[in-house]
Structure formats: C-alpha cells, structure tokens
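Novice: First, the structure itself, so that you have it in front of you.
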Amino acid sequence: MRALDQRLSRTVHDWKLGPLDYALAVPGMLFGSYVMPVTVLALGVWLGWKFALVCVIASLSTLAVTNPLKHWVGRARPEPLSVPRALKLRKLVNNPAFPSGDSAQAGCIVALLMLAGPLSWPQSAVFLPLAPLCMLSRVYFGAHWWGDTVAGVAIGAFVGAAYGFWFRALL
C-alpha cells in the first residue's frame, strides 16, 4: 500500500505547473498554521463569533489528535522535489508527515461549513472542493504523500462533523 501511495504521490511531485503554482498555493496555505488564524477570523467576520469560536475549538481538537499521531507514526516527508516550484512551501515544514495537519484542518472547517454553515444542502457542497484542493496542494509542493492527506481529511472531517453536530443549535 505504501509503495502505491508513494508512486501516486511522486507522479504529482513531478508535475510542473509554472505560474499555476501561485494559485495552488492558496488552498495549501489556507489551512496551515500561519494562515489558519486569518481563515478563522474571516469566517468569524462572515458568520459571527459563535461560528468562529466553534471553529477554534474544533481546530484545536484536530491538532490534539494529529500532532501526537505525527510523532507516534513518524513517517518521513517526501524527499525534496527535483522539479522547481515558484513557492517553497516544503521549507515551512519539518515535523513528521502522517497525518497531514493542514488537510485535517481543511476537513474540519469544510465539515463545519457544510453542517452548520450559512447554506443548506445541497448548496453547502460548494465548500467541498476546498479539502481536495488542499490535499492536492500539500502533495504538489512535496510536503506530503497522498496517504497523509487522506488520513488528515478523514480525521478533520470527523472532528468537524462532531462539533457541527454538538453545536448546531448554538450556531
């Protein structure tokens, strides 16, 4: 299974998108530790402080799951890419790869937006592409293997769904 994961990931690692690197960097950074506070603040301005508060609590809970798992599993990140990127997002990470924390945050926030956000189903599905775009970005920039991102989104979606269910009446 790991060999398939690495082969599929290396295919994306070898892509060269040129100027599209900048566009793909957005979903890759939107849920990262440097930009996530701004993402939550923007959601708070848009959807109110209660939604932002639930996002913060759910995000911290997601971190409480993913960070210990990273060190327990200890999976190495991909080797530096042979194909140059316009942005060096890979240099911003140095902890173990599995599971992807950024993908977990994406799964968490997307789940909250879909379950407790401003739109009802099926309109709320408009938020769904954020998670796979984050996953693709993390693999493309060489920060993760596909398996890391799949596990991250699954963990985050579970946490986000739990908080969306628990706090739906509040939101």
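What follows draws every value from the coordinates through simple rules; no lab data is involved. All values reported here derive from a predicted model rather than from experimental measurement. Here Cβ is always computed from backbone atoms with ideal geometry, including for glycine, and neighbour counts include all displayed protein chains.
Novice: When only residues in the range 94-110 that are among the hydrophobic types (A, V, I, L, M, F, W, C) and either free of Cβ contacts under 8 Å to residues at least 24 places away in the same chain or in contact with an Asp or Glu (Cβ under 7 Å, 6 or more places away or on another chain) (or both) count, which is surrounded by the fewest Cβ atoms within 10 Å (Cβ to Cβ)?
Specialist: That would be F98.
Novice: Please find, within the range 14-69, the residue that is nearest to M114 (Cα to Cα) out of those that are surrounded by fewer than 17 Cβ atoms within 10 Å (Cβ to Cβ) and aromatic (F, W, Y).
Specialist: Within the range 14-69, the match that is nearest to M114 (Cα to Cα) is W46.
Novice: Scan the range 7-25 for residues that are closer than 17 Å to P80 by Cα and of a type in the set (F, W, Y) and jot them down.
Specialist: Once the filter is applied, which keeps residues that are closer than 17 Å to P80 by Cα and of a type in the set (F, W, Y), the range 7-25 yields only W15.
Residue-by-condition table, conditions (1) touching a Gly at 6+ places or on another chain (Cβ under 6 Å); (2) under 30 Å from G18 (Cβ atoms); (3) not hydroxyl-bearing (S, T, Y):
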position: S61; (1), (2), (3): no, no, no
position: A76; (1), (2), (3): no, yes, yes
position: N95; (1), (2), (3): no, yes, yes
position: S103; (1), (2), (3): yes, yes, no
position: A106; (1), (2), (3): no, yes, yes
position: V110; (1), (2), (3): no, yes, yes
position: Q123; (1), (2), (3): no, no, yes
position: Y140; (1), (2), (3): no, yes, no
